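Let me begin by presenting the structure, written as structure tokens, before commenting on it.
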């Protein structure tokens, strides 16, 4: 993973990503107050953490965790900046349950659908794409937190690094969504 994750280096081999990531961020800005948690995402853990945050960046690589994070963000009305990358394709969107018509991640990828899990380890990933999507996630997070521009709420940016193509799709709130639909 070292070729695509600038927070980690040869020096941090053997350390957990949580520990080396915290150390890297503190080396850039020692005034940061980082509460690092090394645990698997779960409903109870997210119930503990989400009330204390202003925004969530989802950089995970599996649908189960993405759906847990999405449901918790909806429950606690926290904006979710979601980014993913696999092979040569990246996706970026903002789901903001504070906005009445904003869809959530489950409107796009229903947790009830069978979706084949694929991973970077088995499928590969174009390393610079991770940095591109990460930088765009950071920009979206700042837009949401500071309140400027037009974040990707209700839209998803699709980046194809193989052909250098960028497309945007619109995402409507699904009234039947199991997370944010009419009955929830």
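A short reminder: the numbers here are calculations on the coordinates, not readings from a lab. Here the structure is a predicted model, which means the values were calculated and not measured. Cβ sites come from the backbone with ideal geometry, for glycine too, and all protein chains shown count toward neighbours.
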Return a yes/no flag: does region 11-29 have any residue that is under 27 Å from residue 161 (Cα atoms), free of Cβ contacts under 8 Å to residues at least 60 places away in the same chain and in contact with a strand residue (DSSP E or B) (Cβ under 6 Å, 6 or more places away or on another chain). no
Taking region 139-157 on its own, how many of its residues are loosely packed, with under 15 Cβ neighbours inside 10 Å and in contact (Cβ under 8 Å) with a residue 60 or more places away in the chain? 1
Within region 150-184, can you find the residues that are part of a loop (DSSP other than H, G, I, E, B) and closer than 14 Å to residue 92 by Cβ? 150, 151, 152, 154, 161, 171
Give me a count of the residues in region 162-171 that are in contact with a strand residue (DSSP E or B) (Cβ under 7 Å, 6 or more places away or on another chain) and touching a residue at least 60 places away in the same chain (Cβ under 8 Å). 1
